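What follows is a single structure, written as structure tokens, with notes after it.
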Amino acid sequence: MSKKKIWIAEEEEGEISYPPDYDVVSIPNDFNVNTLYDLIVNGKIQWPAFQRYYVWDIKRASKFIESLIMGLPVPEIFLYEEGKNKFSVIDGQQRLSTIYYFKKMRFPLRERVAELRKIFDESGKIPDEVFQDTTFFYDFNLKLDTEPTNRLNGLNYQTLSEEDRQKLDFRPIRTITIRQIKTEDKAVTYEIFSRLNSGGINLKPQEIRSSLYSSNFMTMLTKLNLNHEWRRLTTTYPDPRMRDIEILLRGFAMLIEGDNYASPMVKFLNNFSNTAKNYSDEEVDYLKSLFEEFMKGCANLPGDAFKINEQFNISLYEAVFVTLCKSAYQNRNTVIPPLDIHKLEKLKFDSDFRSTIEKHTTSNEKVKERLKVAKEILL
């Protein structure tokens with residue numbers, strides 16, 4: 001069996017370690033399905049489907065609903081207490097989203113989840129007319145077609161028998177609320193998210209950041225991720241695990257704080273995301289315009305311009321973005337020099353540059369050298 005090809009060249013981010021000098025308390029509850037649904041609807045739990053993307057397909061979602069009705073064991077849900085009556089989902093996003101969608105009787109088209117996030121950010125909810133729009137959602141009828149005699153196959157929330165609907169609504173799910181005691185350090189909170197994420201699909205770093213460092217800046221990145229030129233240079237549809245949003249984040253982080261970069265990359269991006277929570281609307285709008293001007297300068301590039309060995313290379317994009325946008329950012333304008341395809345190709349095959357993108361790509365030395373070579377060749 002051939003290995004599935006990935007669209008982005010993976011890079012090591014490094015790990016963060018902390019001394020055991022912080023305390024948390026875990027509070028168990030047995031919330032039933034109706035209670036969890038109400039908590040989401042009333043905004044007590046940040047609606048998980050739009051903090052991070054929903055990645056289950058309808059077959060997996062159907063199996064989960066079936067398990068709830070049948071009384072089979074399901075994993076615990078972990079919530080993080082952000083404040084009074086305000087919770088973020090550490091582990092259980094897919095399960096909570098599935099409950100919400102099933103009771104709404106609508107299932108999202110996977111290729112539209114990023115656009116749904118944009119609608120949610122602008123409206124604070126998904127309007128009923130969008131739920132009924134067949135270009136975004138389709139009917140959530142249980143798809144258990146591997147078992148054609150299954151009495152639940154093809155049913156939705158309303159067409160369940162009254163007995164099965166009550167079994168679902170009043171099914172308890174163990175829910176653990178995590179509360180931080182000693183510190184409000186967001187870096188430590190990230191560690192809690194990372195360690196307690198124990199579900200079937202472990203969260204990627206950017207999925208955690210989207211919840212933990214939610215801000216106007218992070219919302220802006222989600223919108224930029226739909227930019228036509230950006231999608232042409234990456235993939236047709238946004239990555240459901242938010243790796244493309246992480247690339248955008250990394251470009252801005254290196255542009256703004258790159259002179260102070262220190263590995264590991266994951267900690268650098270977390271610290272930057274936390275700082276960006278305080279960016280003014282004016283600053284966010286400026287950064288958005290800067291990126292859009294950079295994309296205009298990429299309009300004549302081939303679709304594989306930032307690819308090496310047929311994979312999008314984060315380090316290459318980062319070096320080019322920072323090099324071309326640095327002067328504009330320092331002078332608070334959006335005047336970006338055009339990206340010469342011949343210079344870009346020269347950079348891609350330069351031996352000194354290639355040595356910075358093959359091993360230990362996020363070390364202090366490799367990052368510094370990569371930007372130095374990019375500046376010499378591109379400018």
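If the requirement is being hydroxyl-bearing (S, T, Y), part of a helix (DSSP H, G or I) and modelled with pLDDT of 95 or more, which of these qualifies: Y286, Y190?
Details: Y190 fails: modelled with pLDDT of 95 or more.
The match here is Y286.
Of all residues in segment 345-376, count the ones that are crowded, with 19+ Cβ neighbours inside 10 Å and assigned to a helix (DSSP H, G or I). So that I can check it myself, show each step before the final result.
Filtering segment 345-376 down to residues crowded, with 19+ Cβ neighbours inside 10 Å leaves 347, 353, 356-357, 361-362, 367, 370-371, 373-374.
Within this subset, residues satisfying the condition of being assigned to a helix (DSSP H, G or I) are 347, 353, 367, 370-371, 373-374.
The number of residues fulfilling the criteria is 7.
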note = Contact list, first residue from segment 23-48 and of a type in the set (K, R), second anywhere and outside any strand (DSSP E or B), beta-carbon distance below 7 Å, six or more apart or interchain, is K44/N85
task = Looking only at segment 1-29, count how many residues are surrounded by 10 or more Cβ atoms within 10 Å (Cβ to Cβ) and modelled with pLDDT of 85 or more.
result = 2
query = Of the numbered conditions (1) in contact (Cβ under 8 Å) with a residue 12 or more places away in the chain; (2) assigned to a loop (DSSP other than H, G, I, E, B), L72 satisfies every one except a single condition; which is it?
reply = (1)
key: Residue identified as surrounded by 13 or more Cβ atoms within 10 Å (Cβ to Cβ), over 25 Å from E81 (Cβ atoms) and not basic (K, R) among Q166, Q180, Q132   = Q166
remark   = Only unsatisfied item for F291, checking (1) buried (at least 20 other Cβ atoms within 10 Å of the Cβ); (2) out of contact with any Phe, Trp or Tyr (no Cβ under 9 Å at 6 or more places or on another chain), is (2)
inquiry  = Against the condition under 18 Å from R231 (Cβ atoms), assigned by TED's automatic domain parsing to the domain that holds R231, touching a residue at least 60 places away in the same chain (Cβ under 8 Å) and of a type in the set (V, I, T), how does I314 come out, does it pass?
reply    = yes
ask   = Restricting attention to segment 31-57, and to residues there that are at pLDDT 85 or above and hydroxyl-bearing (S, T, Y), which single residue is farthest from the chain's Cα centre (by Cα)?
value = T35
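Residues checked against (1) among the β-branched types (V, I, T); (2) surrounded by fewer than 22 Cβ atoms within 10 Å (Cβ to Cβ); (3) not in a helix (DSSP H, G or I):
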site: F78; (1), (2), (3): no, no, yes
site: E82; (1), (2), (3): no, yes, yes
site: I90; (1), (2), (3): yes, no, yes
site: E111; (1), (2), (3): no, yes, no
site: R117; (1), (2), (3): no, no, no
query = Taking segment 245-282 as the region of interest, how many residues are in a helix (DSSP H, G or I), crowded, with 16+ Cβ neighbours inside 10 Å and in contact (Cβ under 8 Å) with a residue 60 or more places away in the chain?
reply = 16
query = Taking segment 219-243 as the search range and keeping residues that are part of a helix (DSSP H, G or I) and in contact with a strand residue (DSSP E or B) (Cβ under 8 Å, 6 or more places away or on another chain), which one is surrounded by the fewest Cβ atoms within 10 Å (Cβ to Cβ)?
reply = L233
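The values are calculated or read from the model by the stated rules, or taken from the named source; none is laboratory data. Small disclaimer: the values here were computed from a predicted structure and weren't measured. So basically every Cβ, Gly included, is an ideal-geometry build from the backbone, and we count neighbours across all protein chains shown.
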